[in-house]
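This report concerns only the one structure given below.
The values are calculated or read from the model by the stated rules, or taken from the named source; none is laboratory data. Since the model is a prediction, treat every value here as computed from it, not as a measurement. Glycine gets a Cβ as well: all are built from the backbone with ideal geometry, and neighbour counts include every protein chain shown. The accessibility values were calculated without ligands, DNA or RNA, using every heavy atom of the protein model including side chains. Shrake-Rupley method; radii C 1.70, N 1.55, O 1.52, S 1.80 Å.
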Amino acid sequence: MGLIKVVKELWRAFFFLCSPQFWRMALLWTFSILYSYYQLFKPLIHEKCSLFSHKLVSYPRCSPFTTTFKPVCVITGATSGLGLAAAYQLSKEGYFVVLVGRSQQLLSETITKIKDWNEDAHLEAFQVDLSSIESVVKFKMSLQQWLLDSDLHCSIQILINNAGILATSPRVTAEGYDQMIGTNYIGAFALTKLLLPLLESSPVSSKIVNVSSFTHRAVTDVQVDEGTVSGKRFFRSIQYPCAHIYEYSKYPGVVQTKLMQEVPAILSWLALYVLKRLQLLQSPECGVDSIIDAALAPPGTSGAYFFGGKGRTLNPSPLSRNAKLARELWESTSKLLSVTPFGAEGNSW
């Protein structure tokens with residue numbers, strides 16, 4: 001049985017190696033991360049070589065200055081990788097951290113881990129499937145009730161949309177969406193919109209942190225029709241365009257997390273090995289710096305793309321800064337969700 005399993009895994013790796021998606025990931029994604037680091041260090045190069053240097057915008061971290069109530073931070077995908085690291089760091093900053101994850105067992109284990117690292121941590125866990133709109137709506141109601149029943153202020157100070165997956169085969173959500181888009185984008189969109197009242201009722205400045213990706217630079221065109229936003233049009237593809245969908249929908253940079261667990265093991269190991277040799281691979285404990293920078297940025301900070309830690313920011317792709325496209329995407333996604341359980345709940349405030 002062991003030999004058969006090895007042969008199957010090697011065949012799966014060979015099949016994936018021959019796919020356009022693998023080479024898109026191997027070439028375009030590598031170029032994207034190298035370009036991001038070039039942007040990061042370009043000012044230092046220009047400073048030595050030219051009188052005209054481009055200054056990076058950096059932001060200092062600001063602790064939650066409040067003595068009247070304990071601030072609350074909600075983190076999705078909080079049971080491993082960047083989410084776990086962010087939860088631990090923000091618990092040390094004095095936040096009451098709400099952990100959101102798919103597995104109740106992993107949530108319990110995460111609470112134990114963080115408590116071992118920081119015995120003063122204040123934590124609460126909710127089991128939520130972000131690919132299910134019904135689950136997201138139920139979470140919003142449960143969270144609101146929990147806040148009302150607690151001695152906390154009925155508001156949220158930080159929402160970190162961190163959860164994400166990289167699926168190598170098509171799956172369909174209960175609403176009929178592509179699961180990767182449903183988890184990485186639609187679920188985060190619905191959650192953010194549902195929690196806006198709690199964020200807006202915060203007595204102090206609140207923030208939404210969307211964990212994005214260097215791979216967004218590989219996207220050259222974005223369609224906002226229902227078939228694309230829902231991912232349904234990708235079901236007609238001969239081969240599931242996992243790399244394209246990932247670029248469209250999300251997520252963190254080159255950090256050693258469980259994101260690539262669906263990629264054939266030998267190829268995943270090889271990719272991580274090469275990135276580590278190039279010193280482009282970070283541990284979650286180091287990679288989380290940009291998330292914490294964004295979460296603790298000064299009040300009023302908005303639209304900044306944090307990268308590389310130390311409060312540093314970069315310019316994202318021009319397409320990601322297209323205000324007209326952003327408005328059209330918001331409207332298209334809202335229309336898509338209007339016929340789901342989100343419709344009535346999302347329009348009730």
Assigned to a helix (DSSP H, G or I) and open to solvent by less than 10 Å² (accessible area, probe 1.4 Å) - does that describe any residue in segment 144-155? yes
Check V100 against each of (1) of a type in the set (A, V, I, L, M); (2) assigned to a strand (DSSP E or B); (3) closer than 21 Å to F69 by Cα and name the one condition it does not meet. (3)
Please indicate, with yes or no, whether at least one residue in segment 319-328 is open to solvent by less than 60 Å² (accessible area, probe 1.4 Å) and farther than 20 Å from E200 by Cβ. yes
Only one of (1) of a type in the set (A, V, I, L, M); (2) closer than 21 Å to P197 by Cα; (3) assigned to a helix (DSSP H, G or I) is not met by L107, so which one is it? (2)
The condition of being modelled with pLDDT of 95 or more, touching an Asp or Glu at 6+ places or on another chain (Cβ under 9 Å) and within 17 Å of I160 (Cβ to Cβ) holds, among V128, V97, only for V97
Hey, among the residues in segment 16-58 that are in a helix (DSSP H, G or I), modelled with pLDDT under 70 and not aliphatic (A, V, I, L, M), which one's surrounded by the most Cβ atoms within 10 Å (Cβ to Cβ)? F16
S131 vs (1) touching a Phe, Trp or Tyr at 6+ places or on another chain (Cβ under 8 Å); (2) surrounded by 23 or more Cβ atoms within 10 Å (Cβ to Cβ); (3) part of a strand (DSSP E or B): all pass except (3)
Does segment 174-186 contain any residue that is of a type outside the set (V, I, T), in contact with a strand residue (DSSP E or B) (Cβ under 6 Å, 6 or more places away or on another chain) and within 27 Å of I75 (Cα to Cα)? no
Those residues of segment 180-206 which are in a helix (DSSP H, G or I), open to solvent by 40 Å² or more (accessible area, probe 1.4 Å) and not charged (D, E, K, R) amount to Y185, P197
Can you pull out every residue in segment 68-93 that is part of a loop (DSSP other than H, G, I, E, B) and aromatic (F, W, Y)? F69
Residue hits (segment 98-114; over 21 Å from the mean Cα position of the chain (by Cα) and under 16 Å from A86 (Cβ atoms)) are K113
The residue that is surrounded by the most Cβ atoms within 10 Å (Cβ to Cβ), considering only those in segment 109-119 that are in contact (Cβ under 8 Å) with a residue 24 or more places away in the chain and of a type outside the set (A, V, I, L, M), is T110
Mind counting the residues in segment 301-318 that are open to solvent by less than 70 Å² (accessible area, probe 1.4 Å) and assigned to a loop (DSSP other than H, G, I, E, B)? 8
Checking A174, A167 in turn, the sole residue that is open to solvent by less than 10 Å² (accessible area, probe 1.4 Å), under 26 Å from W330 (Cβ atoms) and assigned to a loop (DSSP other than H, G, I, E, B) turns out to be A167
